[in-house]
Amino acid sequence: MSDTNNTIIKLSSFSHTDTSNSDYVGSVRGYLKAIDLPKITGILNIDSNPRKPKESKVTKDIAASIEESPGIFHLMSKGLLLSGSECTVLDRGRIRIDIRNTDYSKSGILDGGHNMFAILKHFLITLNYDVSKLKKWDDIITVWRDNQSEINKAISNTEDKIIQHSLDFLIPIEVIYPKDPKNKTSLHEWGITHSNITHARNNNAELVSSTKDNQQGYYEYLKEILPTNIKNSIQWKTNGEGTIRVADVLALALIPLSVVPQEVTGVNLPANLVKIYNSKAYCVDTFKEILDKNGSKIGGNEFQLQNTIIKSALELVPDILRIYDYIYAEYPKSYNKDGSFGKMEVVKIYDVEKSKEGSSKYLKKQPKTKFLNNNCKYSYADGLIIPLVVAIKELIYFDKHSQSLKWKVIDPIDFLKDNLDSISKIYNMVIRMASYNPQKIGKDSGSYELAASALSSRI
């Protein structure tokens with residue numbers, strides 16, 4: 001192993017945890033002197049943690065306890081839970097951790113991310129860095145790593161009593177690692193146990209199912225086939241970067257999956273398409289259920305999708321997201337040929353001049369579509385159009401010969417350009433019958449039936 005893959009931690013009062021009941025997990029506990037923290041920067045990554053920490057009341061309370069009670073901080077905090085792919089106990093209280101990720105687990109901080117966030121910020125404040133804009137993990141760890149040599153030099157100055165005093169506290173550390181890193185069967189079980197430990201330790205603040213599923217690798221195939229700009233805009237983990245909720249993507253992924261034969265998916269999606277709008281939890285859970293039936297897990301953080309039919313369905317998701325954005329931006333124009341979209345109470349209009357009059361009806365900032373961030377004129381609840389978006393399933397068919405899903409048309413966007421006006425003449429009835437209430441429209445199965453009928457009539 002090269003030195004670049006290893007971090008050596010010197011612990012005070014370290015001990016092996018009794019893991020005799022586990023065949024797969026080893027553990028070491030102890031205390032790290034805060035002033036030695038820069039020496040373990042290599043393992044301070046958050047990839048193995050289901051959520052990214054950010055500034056909050058929790059981090060502020062942790063920072064306050066460091067400031068006010070440094071002598072007992074190690075008794076007040078549960079500290080850090082770290083993971084390595086290998087661990088060797090050396091002499092003089094030192095342990096060497098291999099920090100490489102493997103197919104079975106990711107090394108880094110499994111639990112205690114908010115502790116680490118507060119501690120790093122405390123360091124930077126002590127060293128007179130401007131932390132006023134460091135609100136997220138990526139912000140603070142970037143500054144920490146970019147200034148590593150300067151930080152090391154500053155804290156090595158034993159003559160600076162202010163720095164030495166401010167960093168005179170202990171951090172509780174626990175390191176877990178596979179007992180037998182050479183045995184594939186043992187590593188597989190280690191990976192599963194690693195995942196279970198991670199989620200159990202993070203249950204002090206409930207993790208949403210999508211975050212857990214992302215951590216276990218269920219979304220990797222989606223990430224492969226989504227355009228980079230969309231993939232990078234999705235918030236795959238709690239508090240992570242991105243503005244698009246992963247649950248919104250999974251909900252729309254059920255549209256092509258609803259065309260897959262039920263014996264493949266194992267669920268009756270066509271009867272539950274209304275839940276694409278009214279139950280994102282159902283969408284998240286159902287997506288995982290379908291993948292579980294058609295793939296396999298390797299360790300705790302890798303999932304392999306094996307069914308080519310399911311893959312072909314997911315490969316249509318980028319088009320589905322484009323279609324969603326197209327309908328969101330263009331449907332109001334079609335509606336206006338038969339009515340006045342802007343007069344609906346739930347609709348806001350982009351008009352800089354009228355926004356100056358103080359009416360909440362008009363927007364100063366131009367609305368954007370959800371996935372591609374395209375400009376549009378109106379902002380409104382998507383319950384108005386979700387049945388139309390779901391109706392796109394009528395343009396998809398299962399090709400028995402190739403055992404894959406395909407579009408019935410060359411380009412679904414071109415189809416909508418040619419047919420959205422005529423489809424809207426029928427679909428507009430749905431909006432009027434629901435008294436322009438997006439909640440009623442999105443939750444009424446009849447809305448979906450009429451939308452599907454209107455679209456099918458144009459094929």
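The values are calculated or read from the model by the stated rules, or taken from the named source; none is laboratory data. These numbers were taken from a predicted model, which means no experiment stands behind them. FYI the Cβ positions are ideal-geometry reconstructions off the backbone, even for glycines, and counts take in every protein chain you see. SASA here: full protein model, heavy atoms, side chains in, ligands and nucleic acids out. Shrake-Rupley method; radii C 1.70, N 1.55, O 1.52, S 1.80 Å.
In degrees, nearest 10, range 0 to 90: what is the angle between the Cα axis of helix 137-146 and the longest Cα principal axis of the chain?
Approximately 50 degrees, to the nearest 10.
For Ser379 and Asp23, what does the FRET efficiency come to when R0 = 51 Å and r is the distance between their Cβ atoms, rounded to the nearest 0.05? Show your work: numbers first, answer last.
Numbers: r = 56 Å, r/R0 = 1.10.
It comes to 0.35.
So what is the calculated 222 nm ellipticity per residue for the chain, using -39500 (n - 2.57) for each DSSP H run with n of 4 or more, over all residues, to the nearest 500 deg cm²/dmol? Mind showing how you got there, number by number?
Numbers: 21 runs with 199 residues, N = 459.
Counting only the DSSP helices, I get -12500 deg cm²/dmol.
Using Cα atoms only, what is the angle between the long axis of helix 412-433 and the major principal axis of the chain, expressed in degrees (0 to 90) to the nearest 10?
In the chain, helix 412-433 runs at an angle near 80 degrees to the longest axis.
Roughly how compact is the range 257-332, stated as its Cα Rg over 2.2 N^0.38 Å to two decimals?
Expressed relative to 2.2 N^0.38 Å, the Cα Rg reads 1.24.
Taking the dipole about the Cα centre of the range 97-186, with the C-beta of Lys and Arg at +1 and of Asp and Glu at -1, give me whichever of Ile162, Ile176, Leu127 is farthest to the positive side.
My answer, from the dipole projection, is Ile176.
With a 1.4 Å probe and every protein chain kept in, tell me what percent of the accessible surface of the chain is carbon plus sulfur.
Working: 10050 of 21300 Å².
Result for the chain: 47 percent of the exposed heavy-atom area is carbon or sulfur.
For the range 7-154, what is one quarter of the convex hull surface built on the Cα atoms, given in nm²? The partial results should precede the final answer.
Numbers: hull surface 38.5 nm².
Mean orientational projected area (the range 7-154, Cα hull): 9.6 nm².
Starting from the Cα gyration tensor of the range 114-157, multiply each eigenvalue by 5, take the square root, and state the resulting semi-axes largest first in whole Å. Before the final figure, lay out the partial values.
Working: eigenvalues 57, 22, 18 Å².
In descending order the semi-axes read 17, 10, 10 Å.
Nearest 10 degrees is fine. How inclined is helix 184-201 to the longest principal axis of the chain, computing both from alpha carbons?
Its long axis makes an angle of about 80 degrees.
When the distances between all Cα atoms of the range 292-363 are binned every 10 Å from zero, what whole-number percent does each bin get?
Pairs per bin, as whole percents: 16, 25, 21, 14, 18, 8.
Find out how many positive minus negative residues lie around Asp23, taking Lys and Arg as positive, Asp and Glu as negative, among other residues whose Cβ is under 9 Å from that of Asp23.
Working: positive: Lys179; negative: Asp180, Glu189.
Net local charge, Asp23 excluded: -1.
Determine the dipole magnitude for the range 133-195: charges of +1 sit on the beta-carbon of Lys and Arg, -1 on that of Asp and Glu, nothing else is charged, the reference point is the Cα centre, and the result goes in debye to the nearest 20.
Values: 9 positive and 10 negative charges, 48 e Å.
Dipole about the Cα centre, nearest 20: 220 debye.
Please list, in order, the residues from the range 98-126 whose amide nitrogen is less than 19 Å from a point placed 7 Å along the Cα→Cβ vector of Lys60.
Only 114-126 fall inside the zone, counting backbone N under 19 Å.
According to a simple spin-label model (label point 7 Å from Cα along Cα-to-Cβ), what is the distance in nm between Lys361 and Lys417?
3.3 nm
Can you work out the PRE-style zone for Gln148? Point 7 Å along Cα to Cβ, and I want the residues of the range 40-60 with backbone N under 13 Å.
Under cut-off, by backbone N: 40-45.
Roughly how many Å² of Asp130 are accessible to a 1.4 Å probe, to the nearest 10?
About 120 Å², ignoring ligands and nucleic acids.
Near Lys121, which aspartates and glutamates are there with a Cα under 18 Å away, not counting those fewer than 8 places off in the same chain?
Straight-line reach from Lys121, under 18 Å: Asp36, Glu55, Asp61, Glu67, Glu68, Asp111, Asp130, Asp138, Asp139, Asp146, Glu150, Asp168.
So for the chain, what are the equivalent ellipsoid semi-axes in whole Å, largest first, each being the square root of 5 times an eigenvalue of the Cα gyration tensor?
50, 29, 16
With a 1.4 Å probe and all protein chains left in place, how much accessible area per residue does the range 205-291 have, in Å²?
Numbers: 3280 Å² over 87 residues.
Value for the range 205-291: 38 Å² per residue.
Figure the gain on full extension for Asn229 and Val89 (residue separation times 0.36 nm, minus the Cα-Cα span) and round it to one decimal in nm.
Details: separation 140, 0.36 × 140 = 50.40 nm, distance 4.41 nm.
Residue separation times 0.36 nm, minus the Cα-Cα distance, leaves 46.0 nm.
Taking R0 as 30 Å, what's the FRET efficiency between Lys133 and Asn272 from their Cβ-Cβ distance, rounded to 0.05?
On the way: r = 45 Å, r/R0 = 1.48.
Computed FRET efficiency for Lys133 and Asn272: 0.10.
Please compare each pair in Lys52/Lys348; Lys57/Lys237; Lys33/Lys57; Lys348/Lys408; Lys231/Lys280 to a cut-off of 29 Å on the Cα-Cα distance and tell me which ones are over it. Let's see the in-between values first.
On the way: Lys52/Lys348 34 Å; Lys57/Lys237 20 Å; Lys33/Lys57 25 Å; Lys348/Lys408 35 Å; Lys231/Lys280 19 Å.
Over 29 Å apart, Cα to Cα: Lys52/Lys348; Lys348/Lys408.
With r as the distance between the Cβ atoms of Asn196 and Ser456 and R0 = 41 Å, compute the FRET efficiency 1/(1 + (r/R0)^6) and round to 0.05. Don't jump to the answer; show the numbers that get you there.
On the way: r = 47 Å, r/R0 = 1.14.
Using R0 = 41 Å, I get an efficiency of 0.30.
For the pair Met76 and Asn157, how long in nm is the line joining their label points, each one 7 Å along Cα→Cβ?
Here the modelled spin labels are 2.7 nm apart.
Anything over 23 Å Cα to Cα? Flag those among Lys179/Lys223; Lys275/Lys368; Lys343/Lys425; Lys184/Lys288, in the order listed.
Lys179/Lys223; Lys275/Lys368; Lys184/Lys288
With labels modelled as points extended 7 Å from the Cα through the Cβ direction, what inter-label distance (nm, one decimal) is found for Lys425 paired with Gln304?
Between Lys425 and Gln304, the label points sit 5.4 nm apart.
With every protein chain kept in place and ligands, DNA and RNA left out, what is the accessible area per residue of the range 59-181? Probe 1.4 Å, answer in Å².
Details: 5680 Å² over 123 residues.
Value for the range 59-181: 46 Å² per residue.
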